[in-house]
Each structure stands twice: as C-alpha cells, then as structure tokens.
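J.: To start, I am sharing the structure in question, which I have written as structure tokens.
The values are calculated or read from the model by the stated rules, or taken from the named source; none is laboratory data. Just so it is clear, the structure is predicted and the values come from calculations on it, not from any experiment. For neighbour counting, all protein chains shown are included, and Cβ atoms are generated from backbone atoms with ideal geometry for every residue, glycine included. For the accessible areas, the whole protein counts, side chains as well, though only heavy atoms, and no ligand, DNA or RNA atoms are used. Shrake-Rupley method; radii C 1.70, N 1.55, O 1.52, S 1.80 Å.
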Amino acid sequence: MNTQIICLANQKGGVGKTQTCVNLGIGLAQQGKKVLIVDFDPQASATISLGFPRPEELPVTVSTVLGKILTDQPVNPGEGILHHEEGVDLMPADIQLSGMEVSLVNVISRETVLRQYLDTVKSQYTHILIDCQPSLGMLTVNALAAATRINVPVQAEYLPAKGLEQLLQTVGKVRRQINPTLQIDGILLTMVDKRTNFARETASLIRDTYGRKINVFKTEIPFSVKAKEATAAGMSIYAYDPKGKVAGAYMELTKEVLNLEKQREKHKTCVRR
C-alpha cells in the first residue's frame, strides 16, 4: 500500500490546522480510506477535538512510542492507537511531547524519529495525517521529514499570510537536506469571512502572490462559530453540523485532495511509460 502521509503545518497558531486535520481525516474515512491521525502538538488539540478531553490520563501517547524508538525498545503493533466512532484512528498527544523536543536535540538522526515510528504502522493505512504544533522546531521538522505531502492552512488575514514565507523556506530546506520527495499539496484558506472586503482582498492577495508557484486550493473554509463549537464539543463538523457550510467545504476539500492524488498517480504512470 502506497500510504499518503500528509502534514498539516503552519508556525502561526489559530489558523485552523487541527480543525482541518480532523475534518479532512474524517472526510477521507467517509470516502472509504483507512486513516490515522497523529496528534503531534503538545497542546493535544486534535486529541481533545476527537473526544479525549484529558490526554494526560491516557496510558500511551505519541511521546511514549517515540521514547521507545529513542531507547531501541520494540513498539507493539497498534500500541496506544485509539479508535474513533467516525472511522478514523488516533495516535494521541499530551504535554509530555514538549519534553520530547528537548530530548531530540542530542539524538543521532533526530529529524527522522517520527518517520521511524510511522514505518511500523503505515502498512495498515491509506492516509496518515499529522497535526503539527504552531512552530518550526524539531517536532515540525520531524513531521516534514516523515511526510510525503504538506498542506498549509492559512487564515485569510494579513499577519498569518505574512508568515508563509518562513514556512516555505523551512519546507525547501527539509526537501534539500532530509526528504527530497516532500511535495506541497497546497495552501488552504481558512476562516474566510466573505462578508468583509478585507478577507476577500487578503484571499485574493494570497492567490496572486503564491498561486503561480504553489497550488492554492479552490476550496475555502468559511468562518463559522459552529466550527469552534464542534471542536469544543469533541466532535467533527460532520457530526456537529452536517448540513452546514463548513461541513460542505471540508467535503469539497477532501475531494480536491483525492483528485490531486489521482493526478499525481496518472503523471507517475505516464513518466514510467
């Protein structure tokens, strides 16, 4: 199985990374895909969003299995993976993950520890989605080193858009030095409030500035209070507000992501011929 490992990354917080990771993951599961969501943020937002409000009480989290990798202990198949009623699996996180960033500093091949773990589970999944913390530290570099693709959620506002350049430089460095197969799937505009000229102008500016070099997804995720309520309730937007505009947008995004995969496969087949 050719597992797609998609990293959701942006060093700016509050841009809809976790919301996108959870709802894209469940959207893929609804399309018949076998999905693992890896929460790679010490704040454990994806874990909480998927209905586990006290991650510190979970017996095994991603920091547990990474600790085993670092000390050459075997990781049991499926160890610590939780099953969610909407059809996705979850490798949860907790605050201990913040200590892992410090531990990785003095480790040989420190950028590839997450990749080593994912190699033990990826045969069971068509898609693995990694929800990154809002920084460009060692955890995010590990996620980029493990991924085949990166999606970049960006809020349609000036300051979040400004930080894109730094992230793209980091992606370029990881691609040159660690993971030459890493591809940028696209920039995803989130929390777009189409009632304001400012949001429309910023969205247009991002498309004009980056659209020639990088795919900017056609789908835009609209601003919605219900999306925030869903996260707080530990539910996906499909379960919380299935007929709402955000659920519709995430389903469109899921189709767009799958369509990109088909195009890439088609291109590979043509190249082989």
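J.: Please enumerate the residues belonging to the stretch 130-150 that are among the hydrophobic types (A, V, I, L, M, F, W, C) and either open to solvent by 20 Å² or more (accessible area, probe 1.4 Å) or closer than 17 Å to Gln43 by Cα (or both).
T.: Going residue by residue through the stretch 130-150, those that are among the hydrophobic types (A, V, I, L, M, F, W, C) are 130, 132, 136, 138-139, 141, 143-147, 150.
Ile130, Cys132, Leu136, Met138, Leu139, Val141, Ala143 - these are the residues of the stretch 130-150 that are among the hydrophobic types (A, V, I, L, M, F, W, C) and either open to solvent by 20 Å² or more (accessible area, probe 1.4 Å) or closer than 17 Å to Gln43 by Cα (or both).
J.: Can you pull out the helices (runs of 4 or more DSSP H) entirely within the stretch 221-273 that have at least 2 residues that are among the β-branched types (Val, Ile, Thr) and farther than 21 Å from Lys34 by Cβ? Give the steps one after another, and end with the answer.
T.: Working: elements: 225-232, 237-240, 245-272.
Helices (runs of 4 or more DSSP H) meeting the threshold: 225-232, 245-272.
J.: Please go through (1) at pLDDT below 95; (2) under 16 Å from Val113 (Cα atoms) for Pro77 and return the number of the only condition it doesn't satisfy.
T.: Here Pro77 meets the rest and fails (2).
J.: Under the condition of being surrounded by fewer than 18 Cβ atoms within 10 Å (Cβ to Cβ) and within 23 Å of the chain's Cα centre (by Cα), which residue from the stretch 56-72 is nearest to Arg110 (Cα to Cα)?
T.: Of everything passing the filter in the stretch 56-72, Gly67 is nearest to Arg110 (Cα to Cα).
J.: Within the stretch 155-182, can you find the residues that are surrounded by 15 or more Cβ atoms within 10 Å (Cβ to Cβ) and either among the small types (Gly, Ala, Ser) or not in a loop (DSSP other than H, G, I, E, B) (or both)?
T.: If the condition is that a residue be surrounded by 15 or more Cβ atoms within 10 Å (Cβ to Cβ) and either among the small types (Gly, Ala, Ser) or not in a loop (DSSP other than H, G, I, E, B) (or both), then Gln155, Ala156, Pro160, Ala161, Gly163, Leu164, Leu167, Leu168, Thr170, Val171, Val174, Arg175 are the ones that fit.
J.: A further question follows. Let me spell it out: the conditions are (1) in a helix (DSSP H, G or I); (2) surrounded by fewer than 23 Cβ atoms within 10 Å (Cβ to Cβ), and Gly27 meets all of them except one. Which number is the exception?
T.: Exception for Gly27: condition (2).
J.: Just need a number here: residues in the stretch 183-218 that are acidic (Asp, Glu) and either part of a loop (DSSP other than H, G, I, E, B) or buried (at least 17 other Cβ atoms within 10 Å of the Cβ) (or both). Talk me through it step by step, then tell me what you get.
T.: Our first condition is that a residue be acidic (Asp, Glu); within the stretch 183-218, this holds for 185, 193, 201, 208.
From the residues that got through so far, the ones that are either part of a loop (DSSP other than H, G, I, E, B) or buried (at least 17 other Cβ atoms within 10 Å of the Cβ) (or both) too are 185, 193.
Result for the stretch 183-218: 2.
J.: Please count how many residues of the stretch 219-241 are open to solvent by 60 Å² or more (accessible area, probe 1.4 Å) and out of contact with any Gly (no Cβ under 9 Å at 6 or more places or on another chain).
T.: 6
J.: So, one more: Quick check on this structure: which one of Pro53, Pro59 is at pLDDT below 95 and either β-branched (Val, Ile, Thr) or part of a loop (DSSP other than H, G, I, E, B) (or both)?
T.: Exactly one residue qualifies, and that residue is Pro53.
J.: For the subset of the stretch 37-54 comprising residues that are farther than 24 Å from Val107 by Cβ and not polar (S, T, N, Q), which member is most open to solvent (accessible area, probe 1.4 Å)?
T.: Here is the first cut: in the stretch 37-54, the residues farther than 24 Å from Val107 by Cβ are 37, 45-54.
The next check asks that each one be not polar (S, T, N, Q); those that pass are 37, 46, 48, 50-54.
Working: Ile37: 0, Ala46: 0, Ile48: 65, Leu50: 5, Gly51: 41, Phe52: 50, Pro53: 89, Arg54: 142 Å².
Result: Arg54.
J.: For Lys34, which of the numbered conditions (1) surrounded by fewer than 18 Cβ atoms within 10 Å (Cβ to Cβ); (2) of a type in the set (Lys, Arg); (3) more than 23 Å from Leu253 (Cβ to Cβ); (4) touching a helix residue (DSSP H, G or I) at 6+ places or on another chain (Cβ under 8 Å) fails to hold?
T.: Tallying (1) surrounded by fewer than 18 Cβ atoms within 10 Å (Cβ to Cβ); (2) of a type in the set (Lys, Arg); (3) more than 23 Å from Leu253 (Cβ to Cβ); (4) touching a helix residue (DSSP H, G or I) at 6+ places or on another chain (Cβ under 8 Å), Lys34 fails exactly one: (3).
J.: Just to check your reading of the model, which residue among Val38, Val65 is touching a Phe, Trp or Tyr at 6+ places or on another chain (Cβ under 6 Å), closer than 19 Å to Leu118 by Cβ and at pLDDT 95 or above?
T.: Among Val38, Val65, only Val65 is touching a Phe, Trp or Tyr at 6+ places or on another chain (Cβ under 6 Å), closer than 19 Å to Leu118 by Cβ and at pLDDT 95 or above.
J.: Moving to a separate point now. Among Thr47, Thr20, which is the only one that is modelled with pLDDT of 95 or more and under 19 Å from Gly163 (Cβ atoms)?
T.: Only one candidate passes the filter, namely Thr20.
J.: Select from the stretch 103-129 the residues that are under 19 Å from Arg149 (Cβ atoms) and assigned to a loop (DSSP other than H, G, I, E, B) and write down the one among them that is least open to solvent (accessible area, probe 1.4 Å).
T.: Tyr125
J.: Could you check the stretch 82-102 and list, in sequence order, the residues that are open to solvent by 60 Å² or more (accessible area, probe 1.4 Å), outside any loop (DSSP other than H, G, I, E, B) and under 21 Å from Thr140 (Cα atoms)? Break it down into steps so the answer makes sense when it comes.
T.: Going through the stretch 82-102, the residues open to solvent by 60 Å² or more (accessible area, probe 1.4 Å) turn out to be 83, 85, 95-96, 102.
Then keep just the ones that are outside any loop (DSSP other than H, G, I, E, B); that gives 83, 102.
The one that is open to solvent by 60 Å² or more (accessible area, probe 1.4 Å), outside any loop (DSSP other than H, G, I, E, B) and under 21 Å from Thr140 (Cα atoms): Val102.
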